[in-house]
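Presented below is the structure to which this report refers.
The values are calculated or read from the model by the stated rules, or taken from the named source; none is laboratory data. Being a predicted model, the structure only gives us computed values, none of them experimental. Heads up, the Cβs are rebuilt from the backbone with ideal geometry, glycines too, and the neighbour counts pull from every protein chain shown.
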Amino acid sequence: MNRSSTAPESDKRKICRCGRDLSGRGRELCDVCVMVDEVMDSFGEVLVQHFPHACSGDLSPDRTIRLVHAIDEAIVEWIDNNVTEETHESAS
Ligand SMILES: [Zn+2]
């Protein structure tokens, strides 16, 4: 018996691309991944400012994965070190 095929929509466990649980959220990405994407966008914008005639904005897939992972870890560490329960206003 395939239980998942008969489970109501609310029982389906939503997982972010990073593996974090998204249960109870109406989004496709967790807070950290939203911030990672914003950092990646800023990264590209800075390089384009310095190299406006670059032919593309490509990084290798391996470098992209490692960069995203490093940014994710840095964001989590920064939040752990700098955000208290009192200052945490975004959804957790
Ligand atoms: Zn995520």
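Please determine whether any residue of segment 28-46 is part of a loop (DSSP other than H, G, I, E, B) and at pLDDT below 95. Yes; the residues of segment 28-46 include at least one that is part of a loop (DSSP other than H, G, I, E, B) and at pLDDT below 95.
Pairs linking a residue in segment 12-38 that is within 6 Å of the ligand (Cβ to nearest atom) to a residue that is of a type outside the set (Val, Ile, Thr) and in a helix (DSSP H, G or I), with Cβ atoms under 6 Å and 6 or more positions apart or on different chains, are Cys16/Cys33; Cys18/Cys33; Val32/Asp72. Of all residues in segment 14-62, those that are under 19 Å from Val83 (Cβ atoms) and exposed (fewer than 10 other Cβ atoms within 10 Å of the Cβ) total 0. Evaluating Thr84 against the criteria (1) more than 16 Å from the ligand (Cβ to nearest atom); (2) not in a loop (DSSP other than H, G, I, E, B) leaves one unmet condition, (2).
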